[in-house]
Structures are given as structure tokens and as C-alpha cells.
Amino acid sequence: MKSPRIDMYRHISIQIGALKFFGIWFYIPYSKKNVWFWINILTRIVLGIAVFVIPTSAQLVYLIRLIVSGNAEIQEVAGIMNLVLTELLASLRLLDLRLRRDLLTKLSDELMSEEFQTEHKPQRKILEKAIVLSRRLFIVLLSLSGMDILVHVVLVPALKNFETLPLKMDFIFFDVNDEKYFDFICAYQILYKPMMLTTFVALQTLPWAAMSCAISQLDVLIYNFENMKEFVKATAAERNCGENEAFKEIFKRYVLHHRAILRFVSSIQAAFSGQLSSTLFISAGIVGTTGVQVFSIESPLKNFTEVIWVLAYFVTITCNLFIDCYFGNTVTGKSLHVATVVYSCPWIELPTHLKKNLVLFIAKTQVPLVITASKLVPVSLETFTKVMNWTYKGFAVMNQMKK
């Protein structure tokens with residue numbers, strides 16, 4: 001009896017479900033002749049303007065006016081820049097993925113390919129573990145984002161009796177501190193934040209889920225080659241054929257699996273390279289300005305809640321950047337390890353034509369799988385180190401300005 005198929009789509013289903021829940025998924029399940037199609041279009045336009053355009057623009061206008069006034073304190077400037085850059089990052093990633101939506105569809109189709117399935121328990125355990133990791137990363141980051149909303153948008157203003165708005169905004173045409181508008185603006189800021197941050201979390205964890213899937217498939221391939229001898233004997237006994245014939249059949253299946261992994265990593269590169277590059281560059285700016293904000297807080301003990309929030313924000317952004325680079329680095333490392341385990345499999349007594357096929361495959365696997373940010377820099381731990389080094393230099397400059 002065959003084992004049931006593993007639903008590999010679960011790697012990304014929770015992220016896509018979040019986008020669908022807020023009505024900003026890239027596809028509309030209605031024809032243009034259906035009235036619901038146009039209602040969906042109108043809803044997305046309204047949500048796009050209300051959540052991704054107005055708040056970021058209003059905060060940016062406030063920041064510019066604050067700097068031009070000459071009364072700006074570096075702590076306040078850094079805090080506003082953090083929020084503007086975070087929301088800008090979410091908006092850019094959503095737009096980029098919208099433009100690459102067909103590539104995302106291709107990626108999801110490849111997730112369900114036959115080559116990614118297995119019937120053996122150890123391999124299935126590897127795949128299921130990766131799915132759990134993908135979903136858990138989304139839940140953890142979403143929980144941290146929820147805490148951010150609770151502390152920064154609700155708790156801190158509540159401690160000050162909501163005398164000021166949770167977020168600094170300037171709507172140009174009217175005074176946000178006017179009693180006629182204050183309550184509405186305050187409610188608006190509290191309501192739009194959950195959608196903004198959930199979108200950010202979904203887009204942030206989508207590449208993680210895809211890379212986690214690629215890593216698990218490489219782990220399965222490595223496991224298969226490490227246990228090639230046992231599989232050859234079992235197949236020969238099952239099919240009542242020679243071990244050379246069994247080796248040929250199994251080796252062909254593993255080669256096809258490797259080709260499927262190559263296609264999948266190529267799809268990851270095509271679908272998420274723009275998002276990964278924006279994360280690298282914008283996150284570096286966010287980490288730098290957050291560092292300045294931490295060291296600019298006067299009387300930390302009196303502003304303990306603010307210190308905790310800023311530090312938590314700093315750690316979250318840094319971890320996001322690290323996980324991007326860690327997964328990219330792991331894909332490269334695992335892909336190079338395949339050549340080693342292939343060479344270690346029982347090939348000495350094989351016929352010459354099978355040896356030649358094995359040598360060609362080893363040569364193919366010696367080319368590393370490297371995920372790059374817009375074909376500029378590899379997404380790796382080395383890149384993370386360089387980015388953090390640039391960030392520290394930027395922080396040192398801004399901190400000197402503060403002095």
C-alpha cells in the first residue's frame with residue numbers, strides 16, 4: 001500500500017492564506033463579467049491606498065517637515081525612519097511579488113511535483129519537519145509583530161492617556177491634533193497596522209518557506225545517496241534483478257530528483273530575488289537607525305517600556321536578515337555536499353557506462369546552488385557579516401551626528 005502524498009503546498013499555504021484573508025491576494029476568482037470581480041478590484045484599490053500609501057506618505061511628510069524645521073532630535077528622526085522604512089519594505093515586496101505572481105504560481109506548482117514525493121518513512125520525516133518549520137517561522141514572526149502593535153500602537157500611548165497619536169503623521173490638509181480629527185486618526189492608525197504587519201510577515205516568510213523546502217529536498221537526496229547500497233539490494237531483491245540494473249534504476253530516479261531541485265531553486269531565485277535585495281539594503285538601514293534610537297533614549301529606566309520595544313524591534317529585524325542569509329547559505333552548502341555523498345556511494349564495481357554517468361553527475365553537483373539578491377550578491381552568511389559591518393559604520397556616523 002502506497003503512503004499518502006505529502007502536501008508540500010503547506011510550506012506556503014499559511015502565508016498565502018493571510019494575503020487572501022486581507023483581500024490582497026494577486027488573483028481574483030471571478031471573470032471580468034462578474035460584478036464581484038469589480039468589487040474585488042475596488043476593494044484592493046481602497047486597501048492599497050489606505051494601508052500602503054497614505055500611512056507611509058503621511059509619516060514621510062512629517063519626517064521631512066521635522067528635519068526642515070531644525071528642531072529635530074536624532075532619536076525621533078531615527079524612530080520615524082524605522083517605521084517608514086519598514087512599511088516601505090512591505091509595500092515594495094508586495095509590489096514586486098505582484099509583478100512576479102506568475103513565477104510564484106510556477107513555484108507552487110513545482111512544490112507539488114512528483115519528484116518531491118517519497119514513500120519511505122525517514123525521508124517523509126525530513127519533509128514533514130521542514131513543513132512544520134516553515135509554518136512555525138510564520139507564527140513566531142506574526143506573534144512578535146502582534147506584540148509590536150500592542151506595545152507601540154496601544155500600550156505606550158495608553159500609558160500617556162492617548163494625549164498624542166501612536167504614530168507621527170502629517171496629512172498636510174488638516175491638523176491631526178485637532179479635536180475634530182484626533183480620535184479618527186488614532187483609530188485609523190490602530191486599525192491599519194495589523195494588516196500592514198501581517199502582510200510584512202507573510203512576504204518575509206515566503207522565501208524562507210521556499211528555501212526550507214529546497215533544503216529538505218537536498219537532505220532527502222543526500223540521505224538517499226548515503227544509503228544507496230541498502231536501497232540497491234532491496235530493489236534488486238524486490239524486482240528479482242541484478243544489482244547493476246537496480247543501481248541504474250535508482251540512480252536515474254535520483255538524477256531526476258536533483259534536476260527538479262535545480263528547477264525549484266531557479267524558481268526561488270526568479271520569484272524572490274527582488275524581495276531579498278530590498279530586504280538586504282533596507283534592513284541594513286533599519287538596523288542602523290534602530291541602534292541610534294536605542295542609544296538616544298534619555299533616562300532608560302524611566303522609559304523602560306520604550307527601551308524594551310526598541311530592542312525587540314532591533315532583534316526582530318536583525319533576525320529576519322540573518323534567517324534570509326542562513327537559509328541561502330544552507331542551500332549552497334547542502335548542494336555542494338551532494339557531490340561528496342555521490343562519490344561515496346558503491347560505484348567501484350559498476351559497469352563502465354554507469355561509472356561515466358556517475359562522473360558526469362558528480363561534475364554537475366559540484367556547481368553550487370547560489371541564491372542571489374537581484375543577481376548582485378549571494379544570500380549567504382558572509383553577506384550577512386558584510387551587511388552588518390556596513391550597518392555598524394552607518395550607525396557610527398549617525399551616532400556621531402547625535403553628539
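Miscellaneous remarks
For every residue, the table says whether it meets (1) β-branched (V, I, T); (2) under 22 Å from T86 (Cα atoms); (3) in contact with a Gly (Cβ under 7 Å, 6 or more places away or on another chain).
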{"position": "I14", "(1), (2), (3)": "yes, yes, no"}
{"position": "F22", "(1), (2), (3)": "no, yes, no"}
{"position": "W25", "(1), (2), (3)": "no, yes, no"}
{"position": "W36", "(1), (2), (3)": "no, no, no"}
{"position": "P55", "(1), (2), (3)": "no, yes, no"}
{"position": "A58", "(1), (2), (3)": "no, yes, no"}
{"position": "L63", "(1), (2), (3)": "no, yes, no"}
{"position": "V68", "(1), (2), (3)": "yes, no, no"}
{"position": "I74", "(1), (2), (3)": "yes, yes, no"}
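- Among residues of the range 233-253 that are in contact (Cβ under 8 Å) with a residue 60 or more places away in the chain and under 15 Å from H353 (Cβ atoms), none has a Cβ under 7 angstrom from a residue that is surrounded by fewer than 11 Cβ atoms within 10 Å (Cβ to Cβ) and of a type in the set (D, E) at a sequence gap of 6+ or on a separate chain.
- Residue check, F174 in a loop (DSSP other than H, G, I, E, B), out of contact with any strand residue (DSSP E or B) (no Cβ under 8 Å at 6 or more places or on another chain), loosely packed, with under 13 Cβ neighbours inside 10 Å and of a type outside the set (S, T, N, Q): yes
- Some residue of the range 218-237 being in contact with a Lys or Arg (Cβ under 8 Å, 6 or more places away or on another chain), in a helix (DSSP H, G or I), aliphatic (A, V, I, L, M) and closer than 14 Å to V338 by Cβ: yes
- Verdict on S145 being under 29 Å from I49 (Cα atoms), of a type in the set (S, T, N, Q) and within 19 Å of the chain's Cα centre (by Cα): yes
- Filter pass, T289 being surrounded by fewer than 19 Cβ atoms within 10 Å (Cβ to Cβ), hydroxyl-bearing (S, T, Y) and in a helix (DSSP H, G or I): no
- Selection of helices (runs of 4 or more DSSP H) fully inside the range 66-153 by the criterion of at least 3 residues being in contact (Cβ under 8 Å) with a residue 60 or more places away in the chain and more than 26 Å from F272 (Cα to Cα) returns 74-99, 121-148.
- Counted residues, the range 362-391 - those being part of a helix (DSSP H, G or I) and in contact with a Ser or Thr (Cβ under 6 Å, 6 or more places away or on another chain): 0
- Unmet criterion (only one of (1) surrounded by fewer than 17 Cβ atoms within 10 Å (Cβ to Cβ); (2) within 30 Å of V294 (Cβ to Cβ); (3) without any contact (Cβ under 8 Å) to a residue 24 or more places away in the chain) for V61: (3)
- Looking at Y27, Y62, Y9, just one residue is touching an Asp or Glu at 6+ places or on another chain (Cβ under 6 Å) and either at pLDDT 90 or above or hydroxyl-bearing (S, T, Y) (or both), and that residue is Y62.
- Residue check, V359 modelled with pLDDT of 85 or more and not in a helix (DSSP H, G or I): no
- Pairs are defined by a Cβ separation below 8 Å, a sequence spacing of at least 6 or placement on different chains, a first member in the range 161-179 that is at pLDDT 80 or above, and a second member that is among the charged types (D, E, K, R) and not in a loop (DSSP other than H, G, I, E, B); the pairs so defined are K168/E76; D170/R65.
- Odd one out for F52, checked against (1) in a loop (DSSP other than H, G, I, E, B); (2) of a type in the set (F, W, Y); (3) within 20 Å of the chain's Cα centre (by Cα): (1)
- The single condition from (1) modelled with pLDDT of 90 or more; (2) closer than 30 Å to N357 by Cβ that T205 fails is (2).
- Selected residue (criterion: nearest to G288 (Cα to Cα)) from residues of the range 66-88 that are of a type in the set (S, T, N, Q) and touching a helix residue (DSSP H, G or I) at 6+ places or on another chain (Cβ under 8 Å): N82
- Taken over the range 1-42, the criterion of being surrounded by 13 or more Cβ atoms within 10 Å (Cβ to Cβ), touching a residue at least 40 places away in the same chain (Cβ under 8 Å) and either hydroxyl-bearing (S, T, Y) or in contact with a strand residue (DSSP E or B) (Cβ under 6 Å, 6 or more places away or on another chain) (or both) is satisfied by Y9 alone.
- Residue list for the range 260-275, filter: modelled with pLDDT under 90 and surrounded by 23 or more Cβ atoms within 10 Å (Cβ to Cβ): Q275
The values are calculated or read from the model by the stated rules, or taken from the named source; none is laboratory data. None of the values given here were measured: they were computed from a predicted structure. Every residue, glycine as well, gets a Cβ built from its backbone with ideal geometry; the counts of neighbours run over all protein chains shown.
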